[in-house]
Amino acid sequence: MGLQELDSSNGALLPFYDPDTNVVYVCGKGDSSIRYFEITEEPPYIHFLNTFTSKEPQRGMGWMPKRGLDVSKCEIARFYKLHERKCEPIIMTVPRKSDLFQDDLYPDTAGPEAAMEAEEWVSGRTAAPVLVSLRQAYVPSKQRDLKVNRRSLAQEGRAAGAAGSAGSAGSAGSTTPPPTLPTANTARLSAPPALGTGTAATPVWRGCGAGLWGGGDMG
């Protein structure tokens, strides 16, 4: 058993554990942050990864089951933060350069089918959850095809040829060069740089645990 001190707040904790990735998310009611840790079988057993912080405190927190996530974007968790008058989704993703299905992020997970009836559970029976694969939900990114319009290329070629022939004919007919006009020393004013517009950033996971997340970032 491992002990991890969080803070001195007296709010109720809302833990969410993902057995597929061995990551536990800890949310505090009335708090504005989500802390997440990796659980391993070696000491010290609990490895702090990172903290997601927002401006407004949460009144409650829920999350989407693993089979409802977007596996094509390497989404590993989706929270629903309850505000006073709205519900805000918070998405946790792992950046991967590969376009293949990530087996280490999405092992077989618990499906919607129950492993046993309620009467069997009351009688003392235990059963493992019925697992399903998320590979069928993966949609690879579409590769953009390069389309070449032969008609436009032919028209551009003819236009370039006509311009070249006209230029050569004009140079052959004129024997004296045109007079050059004097240039005035005028200052050139450069336009001020355009101001960029900011975009909303997604929650970033930049932790280094001892297990699955030792070589990657999460954002």
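Being surrounded by 15 or more Cβ atoms within 10 Å (Cβ to Cβ), touching a strand residue (DSSP E or B) at 6+ places or on another chain (Cβ under 7 Å) and farther than 17 Å from Val94 by Cβ is true for just one of Ile34, Ile46. Which residue is that?
When all the criteria are applied, what remains is Ile46.
Quick one: count up the residues across the stretch 53-75 that are touching a residue at least 60 places away in the same chain (Cβ under 8 Å) and either of a type in the set (Ser, Thr, Tyr) or in contact with a Phe, Trp or Tyr (Cβ under 8 Å, 6 or more places away or on another chain) (or both).
Residues flagged as touching a residue at least 60 places away in the same chain (Cβ under 8 Å) and either of a type in the set (Ser, Thr, Tyr) or in contact with a Phe, Trp or Tyr (Cβ under 8 Å, 6 or more places away or on another chain) (or both) within the stretch 53-75 amount to 3.
Here is a list of conditions, (1) out of contact with any Phe, Trp or Tyr (no Cβ under 8 Å at 6 or more places or on another chain); (2) closer than 30 Å to Val130 by Cα; (3) surrounded by 15 or more Cβ atoms within 10 Å (Cβ to Cβ), and Lys29 meets all of them except one; can you say which number that is?
Failed condition: (2).
Check off (1) surrounded by 12 or more Cβ atoms within 10 Å (Cβ to Cβ); (2) at pLDDT 90 or above; (3) not acidic (Asp, Glu) for Pro65 and give me the number that stays unchecked.
(1)
Take Leu100 and tell me if it is among the aliphatic types (A, V, I, L, M), under 17 Å from the mean Cα position of the chain (by Cα) and surrounded by fewer than 18 Cβ atoms within 10 Å (Cβ to Cβ).
yes
Taking the conditions exactly as written (in a loop (DSSP other than H, G, I, E, B), modelled with pLDDT under 90 and of a type in the set (Lys, Arg)), does Arg144 satisfy them or not?
Considered against the rule, which asks whether it is in a loop (DSSP other than H, G, I, E, B), modelled with pLDDT under 90 and of a type in the set (Lys, Arg), Arg144 comes out as yes.
Looking at the stretch 108-139, which of the residues that are of a type in the set (Val, Ile, Thr) and in a loop (DSSP other than H, G, I, E, B) is most open to solvent (accessible area, probe 1.4 Å)?
Applying the filter and picking the extreme gives Thr126.
Here is a list of conditions, (1) open to solvent by 60 Å² or more (accessible area, probe 1.4 Å); (2) in a loop (DSSP other than H, G, I, E, B), and Gly11 meets all of them except one; can you say which number that is?
(1)
Within the stretch 61-79, track down each residue that is in a strand (DSSP E or B) and of a type in the set (Val, Ile, Thr).
Result: Ile76, single match.
Filter the stretch 80-97 for residues that are under 14 Å from the mean Cα position of the chain (by Cα), hydrophobic (A, V, I, L, M, F, W, C) and outside any loop (DSSP other than H, G, I, E, B); which is farthest from Leu134 (Cα to Cα)?
Top of the filtered list is Ile90.
The values are calculated or read from the model by the stated rules, or taken from the named source; none is laboratory data. A quick note: this is a predicted structure, and the numbers were derived from the prediction, not measured. All Cβ positions, glycine included, derive from the backbone under ideal geometry; neighbour counts span all protein chains shown. Ligands, DNA and RNA are excluded from the accessible area calculation, which covers all protein heavy atoms including side chains. Shrake-Rupley method; radii C 1.70, N 1.55, O 1.52, S 1.80 Å.
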